[in-house]
Ligand SMILES: [Zn+2]
């Protein structure tokens, strides 16, 4: 189902071209252009029976026409600069998918399960993640936040403008500090009420207006588990499109003390020795405690700490 004329991978976001309506219009109608379909919260994929291999199912403009799908508000995800093949996303509601189309779009899977399996190439997961975040944002800005009039999508879906007062709106990201709190030899892992049974993870919280990253790490650590943090070290970031968080991963060196948990946010939290964390990473913990998978930045933070001697 991928483009015959050329693949859209690797994808360049081509953000400078988003304002060029003629370019985008021509690309959207090109025979080689491909569309990924987001139905509700799920993506159409091509996969094998074991689901250890998965690609996004991409449709051509002609196929969209065949199903009478309107591509005018398709979200521009980018272009392969070598082949010129463009990629757009089309977000549909479940009730907009008739039976013949539903047949073509099997299987439909959610992004978490795609990412968790590690079966899809990273650039395709990133494109799906962008599409999901953008589509969720469009759902929340149909009306102007200033005057309440209807807004219209522009720049390939990267901007909405109020039809009455002209107020612009841009895709939203919510920055989140996520930190592995440790004292050198032990780290704190916690359970939130919504977690699956026996899963423990790092703590996290939204960064508030007026805070820098370090201040947010210190405040959240104090609020959630009652510890003071000395040194904060930045490690990595990860977009987390549920629906539009941006995770900023840190190691937080805590002043060792008894934990004092926030009962609203945390079900349980404890200090774990490095050796115990190694068992969790291997899936060998005697109590069956486990960690988020490799797709999650929490896993990256824990693994980095467990395998280093910092
Ligand atoms: Zn307005």
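Every read-out reported here was derived from the displayed coordinates using simple, explicitly stated rules and does not represent laboratory data. Since the structure is predicted, the reported quantities are computational estimates derived from the model, not experimental observations. FYI the Cβ positions are ideal-geometry reconstructions off the backbone, even for glycines, and counts take in every protein chain you see.
Relative to the current alpha-carbon distance between residue 16 and residue 262, full extension at 0.36 nm per residue lengthens the span by 84.0 nm.
Based on C-alpha pairs under 8 angstrom that are at least 6 apart in sequence, the chain has a relative contact order of 15 percent. To the nearest 0.05, what FRET efficiency results for residue 299 and residue 55 with a Förster distance of 35 Å applied to their C-beta separation? With R0 = 35 Å, the Cβ-Cβ based efficiency is 0.90. Here the stretch 142-259 is treated as an ellipsoid with the same Cα gyration tensor; its semi-axes, largest first and in whole Å, are 37, 15, 12. Put a dot 7 Å past the Cα of residue 93, heading toward its Cβ, do the same for residue 183, and the two dots end up 5.4 nm apart.
Stretched out fully, how many nm does the piece from residue 167 to residue 106 gain, at 0.36 nm a residue minus the Cα gap?
18.0 nm
Annotation: extensible slack from residue 146 through residue 62 equals 26.3 nm (criterion: 0.36 nm per residue apart, minus Cα-Cα distance). Pairwise Cα distances in the stretch 117-160 exceed 16 Å in 48 percent of cases. Each peptide in 11-21, 297-307 receives the mean, over its residues, of other Cβ atoms within 10 Å, and ordering these scores from highest gives 297-307, 11-21.
If each of residue 282 and residue 194 carries a label point 7 Å out from its Cα toward its Cβ, how far apart are those two points in nm? For the pair residue 282/residue 194, the computed spacing is 3.3 nm.
Axis angle, to the nearest 10 degrees, between helix 122-140 and the longest C-alpha principal axis of the chain: 80 degrees. Spin-label pair residue 211-residue 82: with each label point 7 Å from Cα along the Cα-Cβ axis, the two points sit 4.4 nm from one another.
Mind sorting 72, 117 by how few other Cβ atoms lie within 10 Å of their own Cβ, fewest first?
Working: 72 7, 117 16.
Sorted ascending by nearby Cβ count, the order is 72, 117.
A P(r) calculated from all alpha carbon pairs of the stretch 81-228, with 10 Å bins opening at zero, reads 8, 22, 29, 26, 12, 2 percent. Working note: Cα atoms of the chain, range along each principal axis, descending, whole Å: 63, 51, 37.
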